[in-house]
1. Against the conditions (1) in contact with a Leu (Cβ under 8 Å, 6 or more places away or on another chain); (2) closer than 21 Å to TRP115 by Cβ, where does ASN190 fall short? Just the number, please.
2. Checking GLY39 against (1) within 9 Å of the ligand (Cβ to nearest atom); (2) without any contact (Cβ under 8 Å) to a residue 60 or more places away in the chain, which test does it fail?
3. Count, please, the residues in the stretch 47-62 that happen to be loosely packed, with under 12 Cβ neighbours inside 10 Å and in contact (Cβ under 8 Å) with a residue 12 or more places away in the chain.
4. Checking TYR120 against (1) open to solvent by less than 50 Å² (accessible area, probe 1.4 Å); (2) at pLDDT below 95: exactly one of these is not met. Which one?
5. So GLY101 passes all but one of these: (1) closer than 23 Å to LYS20 by Cα; (2) within 15 Å of the ligand (Cβ to nearest atom); (3) assigned to a helix (DSSP H, G or I). Which condition number does it fail?
6. Going through ASN106, ASN62, ASN80, ASN22 one at a time, which residue ends up being within 13 Å of the ligand (Cβ to nearest atom) and modelled with pLDDT under 95?
7. What is the residue count in the stretch 209-228 for residues that are touching a helix residue (DSSP H, G or I) at 6+ places or on another chain (Cβ under 7 Å) and loosely packed, with under 12 Cβ neighbours inside 10 Å?
8. Which fully enclosed strands (runs of 3 or more DSSP E) of the stretch 105-195 have 1 or more residues being touching a Ser or Thr at 6+ places or on another chain (Cβ under 8 Å) and farther than 26 Å from SER249 by Cβ?
Amino acid sequence: MKPKKSLGQNFIHDENFLNKLNGEIKSGTKTNIIEIGPGKGALTKYLIKKKYRKIILIEKDNSLIKYLEEFKEENVIIINADALSFDLLGLNIANDGVIVGNLPFNISSQLLLQWTKFKYWPPFYNKMYLMFQRELGERIIAKENSKAYGRISVLCQSRFSIKKLLLAPAGIFSPKPKVDGIVLEFSPINKYKQINIKKLETILRKAFLHRRKKIKSSLKDYIEVLTKNNFDLDKRAENLSVNDYCRISVLIK
Ligand code: SAM
């Protein structure tokens with residue numbers, strides 16, 4: 001079977017790496033695990049040996065389903081669907097969910113943002129273990145005053161505590177991609193309870209549209225609120241912390 005580039009099919013063949021990743025993923029008899037893009041089951045074969053209430057596999061490529069059928073046990077559910085349009089909330093998992101995935105690189109940020117922007121927070125899952133291209137992973141965890149810091153850093157860090165879990169050198173994949181990967185662990189936080197994620201997104205879009213502009217210009221729509229609350233108007237988008245952005249989103253109407 002020829003791997004499909006359009007579906008980001010870079011399969012992990014390094015058993016050492018898979019073993020390590022599996023060791024990091026929490027399990028429990030009440031936990032439901034959702035694996036996105038299980039492929040031929042490289043990681044799945046480890047997951048099924050652990051204790052989970054349900055193991056839900058969501059794979060878009062119809063031709064890979066036959067490989068996954070080999071793992072079919074009572075608690076394994078195989079879904080042939082596109083994770084981008086699949087409604088995870090419809091699975092009715094109460095609150096002990098775990099999402100894992102060696103995600104297709106081309107849609108990994110889209111998927112992550114989808115799972116970051118659930119209206120009700122904390123969400124139904126309490127951990128996510130996701131693989132990204134290393135460069136994107138570094139942007140997700142970047143702190144203010146750095147080049148890598150941007151919209152995705154603020155959005156994600158407003159909702160998760162994020163840990164760098166494992167580096168994934170390009171050589172562990174087949175076919176070998178041009179870049180290395182990184183696995184991040186996401187734990188939902190409730191620190192910024194009152195933030196409205198849509199409002200936060202709007203502010204971030206304006207601020208980072210021209211990231212070198214001072215906020216007195218990029219965020220001029222909120223100038224009154226910023227002045228009244230002693231924000232330094234000479235700062236630029238990348239100088240405001242996650243906390244600053246969350247504060248602004250609460251302060252504005
Ligand atoms: N987990 C496997 C592994 O590590 O070897 C495969 C990982 S591969 C990087 C990404 C997988 O996601 C492929 O199996 C691909 O077919 C699947 N995929 C691609 N787009 C998808 C989508 N929109 N929804 C669900 N699965 C998708």
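1. Only one criterion in (1) in contact with a Leu (Cβ under 8 Å, 6 or more places away or on another chain); (2) closer than 21 Å to TRP115 by Cβ is unmet by ASN190, namely (1).
2. In the conditions (1) within 9 Å of the ligand (Cβ to nearest atom); (2) without any contact (Cβ under 8 Å) to a residue 60 or more places away in the chain, GLY39 misses (2) alone.
3. Residues of the stretch 47-62 that are loosely packed, with under 12 Cβ neighbours inside 10 Å, as a first pass: 49, 51, 62.
Within this subset, residues satisfying the condition of being in contact (Cβ under 8 Å) with a residue 12 or more places away in the chain are 51, 62.
Number satisfying all stated conditions: 2.
4. With respect to (1) open to solvent by less than 50 Å² (accessible area, probe 1.4 Å); (2) at pLDDT below 95, TYR120 is out only on (1).
5. Status for GLY101: all satisfied but (3).
6. On the way: ASN62 fails: modelled with pLDDT under 95; ASN80 fails: modelled with pLDDT under 95; ASN22 fails: modelled with pLDDT under 95.
Criteria check complete, one pass: ASN106.
7. Number satisfying all stated conditions: 1.
8. On the way: elements: 125-133, 160-168, 181-188.
Where strands (runs of 3 or more DSSP E) fall fully within the stretch 105-195 and carry at least 1 residues being touching a Ser or Thr at 6+ places or on another chain (Cβ under 8 Å) and farther than 26 Å from SER249 by Cβ, they are 125-133.
The values are calculated or read from the model by the stated rules, or taken from the named source; none is laboratory data. Predicted model only: the values in this text are computed from it and were never measured. Note that each Cβ is placed from the backbone with ideal geometry, even for glycine, and that neighbours are counted across all protein chains shown. Surface accessibility is based on the protein's heavy atoms, side chains included, excluding ligands, DNA and RNA. Shrake-Rupley method; radii C 1.70, N 1.55, O 1.52, S 1.80 Å.
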